[in-house]
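The values are calculated or read from the model by the stated rules, or taken from the named source; none is laboratory data. Source: prediction; values computed, not measured. We place every Cβ from the backbone using ideal geometry, glycine too, and count neighbours over all the protein chains shown. Each accessible area value is taken on the protein alone, full model and side chains, heavy atoms only, with ligands, DNA and RNA left out. Shrake-Rupley method; radii C 1.70, N 1.55, O 1.52, S 1.80 Å.
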Amino acid sequence: GAGVSQTPSNKVTEKGKYVELRCDPISGHTALYWYRQSLGQGPEFLIYFQGTGAADDSGLPNDRFFAVRPEGSVSTLKIQRTERGDSAVYLCASSYIPGLAGGELFFGEGSRLTVL
Amino acid sequence: GNSVTQMEGPVTLSEEAFLTINCTYTATGYPSLFWYVQYPGEGLQLLLKATKADDKGSNKGFEATYRKETTSFHLEKGSVQVSDSAVYFCALRLNSGGSNYKLTFGKGTLLTVNP
């Protein structure tokens, strides 16, 4: 499809396990963002990529979280040693270029992570 | 820091009722303001936006006016439909500075419209 694609849509894992969440942005979009939406909260910024590089990772909660975008397209959010508090919906978005001049952010449907 | 406060939900209305969802903000700089909508089973979608004071954003019968004096961006619709049932998020993004790519969201308001 033409939209932002996220996989898996649902992931249930056990505490302490490693998880990868994938985002395939809209073709040609250079800017890619990850947000986290906990239950009853609005989305919170995690990390922003411009091309292959992480331009701002200030929203990552701790060093168990890491994200890559090696070819400037698909991105993977990696969570090590998962904890129950990591349970949330992880949203990916992309835009043609960053900032207001880049226009609208297009969001995927999210990956719901549940840590038991 | 930047923050967005929006009306707590859930909001339940009958079809054709008038809708207001309040949103106020604080910002360290000069923001643009947005309303996003999340329909059941779908991703967040931009509903409308306003980039400067006194601008009115509108789409699908929804409107919101950027009020700098009251730091507000309330969402309104004159006659809601069942298909408007969704979660609505108010958000801001700074117009300049090093973080002008970053959206700050409110907690969301669940709207249910009954036939």
- request: Scan the range A:64-83 and report the pairs whose first residue is loosely packed, with under 13 Cβ neighbours inside 10 Å and whose second residue is modelled with pLDDT under 95, with Cβ atoms within less than 8 Å and a gap of 6+ or a chain change.
  value: A:PRO70/A:THR52; A:GLU71/A:THR52
message: Regarding the range A:35-44, can at least one residue be identified that is crowded, with 20+ Cβ neighbours inside 10 Å and among the basic types (Lys, Arg)?
response: yes
message: So for the range B:33-41 (the condition being closer than 15 Å to B:THR70 by Cα and open to solvent by less than 70 Å² (accessible area, probe 1.4 Å)), does at least one residue qualify?
response: yes
query: In this structure, is B:THR109 of a type in the set (S, T, N, Q), within 14 Å of chain A (Cβ to nearest Cβ), open to solvent by less than 20 Å² (accessible area, probe 1.4 Å) and in contact (Cβ under 8 Å) with a residue 24 or more places away in the chain?
result: yes
statement: Exactly one of A:THR30, A:THR52 is open to solvent by 70 Å² or more (accessible area, probe 1.4 Å) and either modelled with pLDDT under 95 or within 12 Å of another protein chain (Cβ to nearest Cβ) (or both), and that residue is A:THR52
Subset tally (residues that are at pLDDT below 95, under 13 Å from the mean Cα position of the chain (by Cα) and basic (Lys, Arg)) for the range B:74-105: 1
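How many residues, within the range A:1-27, are assigned to a loop (DSSP other than H, G, I, E, B) and within 14 Å of another protein chain (Cβ to nearest Cβ)?
Summing the residues that are assigned to a loop (DSSP other than H, G, I, E, B) and within 14 Å of another protein chain (Cβ to nearest Cβ) in the range A:1-27 gives 7.
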